[in-house]
1. Please find, among 249, 231, 268, the residue that is assigned to a strand (DSSP E or B) and of a type in the set (A, V, I, L, M, F, W, C).
2. If residue 22 satisfies all but one of (1) closer than 17 Å to residue 115 by Cβ; (2) surrounded by fewer than 13 Cβ atoms within 10 Å (Cβ to Cβ), what's the number of the condition it fails?
3. Can you run down the residue pairs with Cβ atoms below 8 Å, 6 or more apart or on separate chains, where the first is in region 131-148 and in contact (Cβ under 8 Å) with a residue 60 or more places away in the chain and under 19 Å from residue 163 (Cβ atoms) and the partner is part of a helix (DSSP H, G or I) and not acidic (Asp, Glu)?
4. Can you pull out every residue in region 270-285 that is surrounded by 16 or more Cβ atoms within 10 Å (Cβ to Cβ) and either charged (D, E, K, R) or within 20 Å of the chain's Cα centre (by Cα) (or both)?
5. Just one of 52, 61 is assigned to a strand (DSSP E or B), without any contact (Cβ under 8 Å) to a residue 60 or more places away in the chain and either touching a helix residue (DSSP H, G or I) at 6+ places or on another chain (Cβ under 8 Å) or not aliphatic (A, V, I, L, M) (or both); which is it?
6. Would you list the strands (runs of 3 or more DSSP E) that sit entirely within region 106-179 and hold 3 or more residues that are under 11 Å from the mean Cα position of the chain (by Cα) and not aliphatic (A, V, I, L, M)?
7. Which of (1) within 19 Å of the chain's Cα centre (by Cα); (2) more than 15 Å from residue 158 (Cα to Cα); (3) charged (D, E, K, R) does residue 93 not meet, given it meets every other one?
8. Return the only residue of 154, 235 being buried (at least 20 other Cβ atoms within 10 Å of the Cβ) and either touching a Leu at 6+ places or on another chain (Cβ under 7 Å) or at pLDDT 90 or above (or both).
Amino acid sequence: MKTGRYWRNLALTLAISLLTAFLIFLVFVSDQWAQARLHPTRVIPNERPLVESGIPFQEIELTTKDGIVLSAWYTPPQNGVVILVAHGYNSSRDATWQLLFAKHGYGVLSWDFRAHGLSGGDMSTLGYYEQADVEAALDYVLNQPEVEHVGAWGGSMGAATVILTAAKRTEIEAVVSDSAFPTLEDVLAINIPFGLMQPFVMFFGEYRSGVDMDLVRPVDGIAQISPRPVLIIDGWQGGAITMNSPYRLYDAAKEPKQIWVEDGVPHLAMYGYFPEAYEKRVVGFFDEYLLSISP
């Protein structure tokens, strides 16, 4: 006859086996999740709206300081000012922004980040190595004789990366941040399926990429943009950001700074919901700060 001790030992063995299996499963799923985020599905850019618009643009290539070749569109300015356009994660350059700024006389340089669109590279670090991509774009326009001033617009990951780059490159004279995250940890906290995965995802993300994810913190860099101006735009309908994300960035920024937030707007959808107001506010911001200064 089996004793109580036998059943206790059996229960303990079973519990240990189940816990071990769960941990192995958790580690495996976390690693797969991290790898999927480091290697996003490519979205091919559509140049047809640009071609049909008649706005002049050139297909160019940029080479980053670490040797990644980026595919880009460049429209020369009519007013001496170029806007760098940095798209979001799991996306590609969008003709919408090229058309929006070019019709007001601005030059535009938009590109596919590394591991996105038609650009080289096979790993996205959501804002760390991507800073070299922004710098490659900036260096290109600074070498164009028709360019006198440079501003930057970024969306989501692009906004975070523009903030981090502008903090150290003063040639970017005005920044519009649409739906930036304060820290990469915030993004993971919102998007990871359940909380127990977060430390494992962070570990594997850093192990696979060789990047300390704690270094991707726009909230720590945004103050360094001052005295250059920054406009923070965001909407809230759950998902990629937390409700206080734009306010954390705004509070961390120094003057001159502006903020525009609307409730009930999905991530990176402010232009789609309020196209006329968006165009007026963003173009007006660049007009105020970039067209009013001497070369």
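1. Details: 249 fails: assigned to a strand (DSSP E or B); 268 fails: assigned to a strand (DSSP E or B).
Matching residue, one of 249, 231, 268: 231.
2. (1)
3. Within 8 Å, the pairs are 133/161; 135/165.
4. Quick first cut of region 270-285, residues surrounded by 16 or more Cβ atoms within 10 Å (Cβ to Cβ) only: 270-271, 274, 278, 281-283, 285.
Passing the criteria: 270, 271, 278, 281, 282.
5. Details: 52 fails: assigned to a strand (DSSP E or B).
So the residue among 52, 61 that is assigned to a strand (DSSP E or B), without any contact (Cβ under 8 Å) to a residue 60 or more places away in the chain and either touching a helix residue (DSSP H, G or I) at 6+ places or on another chain (Cβ under 8 Å) or not aliphatic (A, V, I, L, M) (or both) is 61.
6. Working: elements: 107-111, 149-155, 172-178.
Filter on region 106-179 gives 149-155.
7. (2)
8. Working: 235 fails: either touching a Leu at 6+ places or on another chain (Cβ under 7 Å) or at pLDDT 90 or above (or both).
Being buried (at least 20 other Cβ atoms within 10 Å of the Cβ) and either touching a Leu at 6+ places or on another chain (Cβ under 7 Å) or at pLDDT 90 or above (or both) holds for just one of 154, 235, which is 154.
The values are calculated or read from the model by the stated rules, or taken from the named source; none is laboratory data. Source: prediction; values computed, not measured. FYI the Cβ positions are ideal-geometry reconstructions off the backbone, even for glycines, and counts take in every protein chain you see.
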